[in-house]
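Accompanying notes for the structure given below.
The values are calculated or read from the model by the stated rules, or taken from the named source; none is laboratory data. Remember, predicted model here, so these are calculated numbers, not experimental data. All Cβ positions, even for glycine, are placed from backbone atoms using ideal geometry, and neighbour counts span all protein chains on display.
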There are 2 protein chains.
Amino acid sequence: MKNLLSALKISVPDKIFIKDPETSELGKRIVENSIILINDIGFESFTFKKLGTRICSNESSIYRYFESKHKLLLYLSSWYWAWLEYQLVLETYSITDADEKLAKAVLIVTRMVKEDSNFTHINEVLLYKIIVNESSKSFLTKEVDIENKEGYFEVYKRIIARIGEMISAVNSDYPFALSLASTIIEGGLHQHYLKEHFPSISNYESGKTPTNFFVQLIKSTIK
Amino acid sequence: MKNLLSALKISVPDKIFIKDPETSELGKRIVENSIILINDIGFESFTFKKLGTRICSNESSIYRYFESKHKLLLYLSSWYWAWLEYQLVLETYSITDADEKLAKAVLIVTRMVKEDSNFTHINEVLLYKIIVNESSKSFLTKEVDIENKEGYFEVYKRIIARIGEMISAVNSDYPFALSLASTIIEGGLHQHYLKEHFPSISNYESGKTPTNFFVQLIKSTIK
DNA sequence: CAAATATAATAGTATTACTATCAAATACTA
DNA sequence: TAGTATTTGATAGTAATACTATTATATTTG
């Protein structure tokens, strides 16, 4: 299975970057190490200067790939959603039963992330942590409407639309398919966050994911 | 009803501020105008210098009330949650039926905010917009665990616990009362955000709130 | 009226988030 | 293989940010 998809490239809207980091060694090092560094010190403290030092390169070289650290965060977010979408398609493609398909989708979207050896320069486990902790900051800005028009969030919207369709396939009369889909996606991230930082308002034992919570929720809601 | 509660003061954890802004004219002007200015230009562009200019006061004077703009955001968030809690208590107190009480709570937490004349220096409608757009940034930081220990998020946690209890009152066997409560609270904010900025992945007609979506969701989930 | 407290004004600092320029290394092409 | 283009690196510079520190001036309170 692994090598079956080794030629695959995750596609990120190309307006997000100045130069595609996938096309060079330096670009890949930028992405790889930005994930590690953002995880380490948080997005607020993260700077291109620090990243430059870490990869023994120059601040100005990083600016040739990404206009700003905000754009880099958009890149990482889009990459994650595209990667998740590819898993979603791959793992639900052959399921014909609508209920089963949706349950599988919820599992994929709320489970603990494992490393994917198809993309060696990206640590998906760390990237997922960034998505949980930082990805909201990519759209909670004053520029969101402009950037939305530019297509920066299309992968994110597409995955929600896809899950929305799976919900409608189970019950075409349910009127809130998209709202429920986005609630699962964002709620999944948020529940992972709460589990880690606010366990007193959480209902998960250690090692458990919110998958069961969401599977039961979605089933009873659209039944 | 209005004047019945005019002596009420919303209580915010006092470690959040250096000097309580409620105790002086300048303090109230700081809070009042920070709400307007953050709404206007966004939290990232907001600075104490700009706020100082706006209120014809000095940057250094604002620093005597709040250590940083992050602390100010924590203050505004806590104020909002405390205000919401007071509404929750007030409006559900006399309801004895557990189902009805919970439905009312969901309504309060997901509805459109109206101005409250009890607190003249705070524009609750604008404050709610800040909560939708910026409040996640108050806890999505590297310092969250330290600040949580300091009690900065206690109001937020209390309101979730309260709704969790209402859920358990309806069905004491439901195992995810707190998770569901936090999903409603955060999901409510997020759905309001999507309605505004990503209508293509939203299911609400203009003027409509996500209340119906959540009332139906919660009812069927815990039934 | 004196003393304490609050506010204002000014200056200063390290860092950030860039932009601009130029040189050196590397790759590609005739 | 020389010539050209592209990429990267090094350095410098800038306006703004997020503060701290100091001193002066109001204002409140005892």
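The table below gives the values:
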{"item": "Qualifying residues in the stretch A:119-142 (those that are within 12 Å of chain B (Cβ to nearest Cβ) and outside any helix (DSSP H, G or I)) - the one nearest to the chain's Cα centre (by Cα)", "result": "A:Phe139"}
{"item": "Selection within the stretch A:187-215 - under 20 Å from B:Ile167 (Cβ atoms) and facing chain B (nearest Cβ under 7 Å)", "result": "A:Gly187, A:His190, A:Gln191, A:Leu194, A:Phe198, A:Ser200, A:Ile201, A:Ser202, A:Asn203, A:Pro210, A:Phe213"}
{"item": "Some residue of the stretch B:74-97 being within 16 Å of DNA strand C (Cβ to nearest atom) and in contact (Cβ under 8 Å) with a residue 40 or more places away in the chain", "result": "yes"}
{"item": "Condition met for B:Ile41 (within 16 Å of DNA strand C (Cβ to nearest atom), of a type in the set (Val, Ile, Thr) and within 14 Å of chain A (Cβ to nearest Cβ))", "result": "yes"}
{"item": "Hey, A:Ile218 facing chain B (nearest Cβ under 8 Å), more than 22 Å from A:Tyr75 (Cα to Cα) and buried (at least 19 other Cβ atoms within 10 Å of the Cβ) or not", "result": "no"}
{"item": "Members of the stretch B:174-185 found to be in a helix (DSSP H, G or I) and in contact (Cβ under 8 Å) with a residue 12 or more places away in the chain, listed by number", "result": "B:Ala177, B:Leu178, B:Leu180, B:Ala181, B:Ser182, B:Ile184, B:Ile185"}
{"item": "Failed criterion for A:Glu196 (all others in (1) over 17 Å from the mean Cα position of the chain (by Cα); (2) not hydrophobic (A, V, I, L, M, F, W, C); (3) not in a helix (DSSP H, G or I) hold)", "result": "(3)"}
{"item": "Some residue of the stretch B:109-118 being of a type outside the set (Phe, Trp, Tyr), touching a Phe, Trp or Tyr at 6+ places or on another chain (Cβ under 6 Å) and away from DNA strand C (no atom under 13 Å from the Cβ)", "result": "yes"}
{"item": "Residue count, the stretch B:31-52 (criterion: within 7 Å of DNA strand D (Cβ to nearest atom) and polar (S, T, N, Q))", "result": "2"}
{"item": "Index of the failed condition, B:Leu26 passing every other in (1) away from every other protein chain (no Cβ under 14 Å); (2) under 24 Å from B:Glu143 (Cβ atoms); (3) within 14 Å of DNA strand D (Cβ to nearest atom)", "result": "(2)"}
{"item": "Complete set of residues in the stretch B:143-173 that are surrounded by 15 or more Cβ atoms within 10 Å (Cβ to Cβ), within 11 Å of chain A (Cβ to nearest Cβ) and outside any helix (DSSP H, G or I)", "result": "B:Phe153"}
{"item": "Members of the stretch A:62-73 that are away from chain B (no Cβ under 14 Å), buried (at least 21 other Cβ atoms within 10 Å of the Cβ) and within 11 Å of DNA strand C (Cβ to nearest atom)", "result": "A:Ile62, A:Phe66, A:Leu72"}
{"item": "Test result for A:Glu59, within 16 Å of DNA strand D (Cβ to nearest atom), more than 20 Å from A:Thr120 (Cα to Cα), touching a helix residue (DSSP H, G or I) at 6+ places or on another chain (Cβ under 6 Å) and more than 14 Å from chain B (Cβ to nearest Cβ)", "result": "yes"}
{"item": "Hits in the stretch B:50-61 (condition: more than 9 Å from DNA strand C (Cβ to nearest atom) and surrounded by fewer than 18 Cβ atoms within 10 Å (Cβ to Cβ))", "result": "B:Lys50, B:Thr53, B:Arg54"}
{"item": "Condition check for B:Arg158: closer than 30 Å to B:Lys15 by Cα and in contact with a Phe, Trp or Tyr (Cβ under 9 Å, 6 or more places away or on another chain)", "result": "yes"}
{"item": "Selection status of A:Ser78, surrounded by 16 or more Cβ atoms within 10 Å (Cβ to Cβ) and polar (S, T, N, Q)", "result": "yes"}
{"item": "Residue that is farthest from the chain's Cα centre (by Cα), among those in the stretch A:200-214 that are of a type outside the set (S, T, N, Q) and surrounded by fewer than 16 Cβ atoms within 10 Å (Cβ to Cβ)", "result": "A:Glu205"}
{"item": "B:Ser68 being in contact (Cβ under 8 Å) with a residue 60 or more places away in the chain and of a type outside the set (A, V, I, L, M)", "result": "no"}
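A quick yes/no check of all residues on (1) under 24 Å from B:Leu140 (Cβ atoms); (2) at pLDDT 95 or above:
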{"residue": "A:Ile30", "(1), (2)": "yes, yes"}
{"residue": "A:Phe46", "(1), (2)": "yes, yes"}
{"residue": "A:Lys50", "(1), (2)": "yes, yes"}
{"residue": "A:Tyr65", "(1), (2)": "no, yes"}
{"residue": "A:Ser117", "(1), (2)": "no, no"}
{"residue": "A:Asn123", "(1), (2)": "yes, yes"}
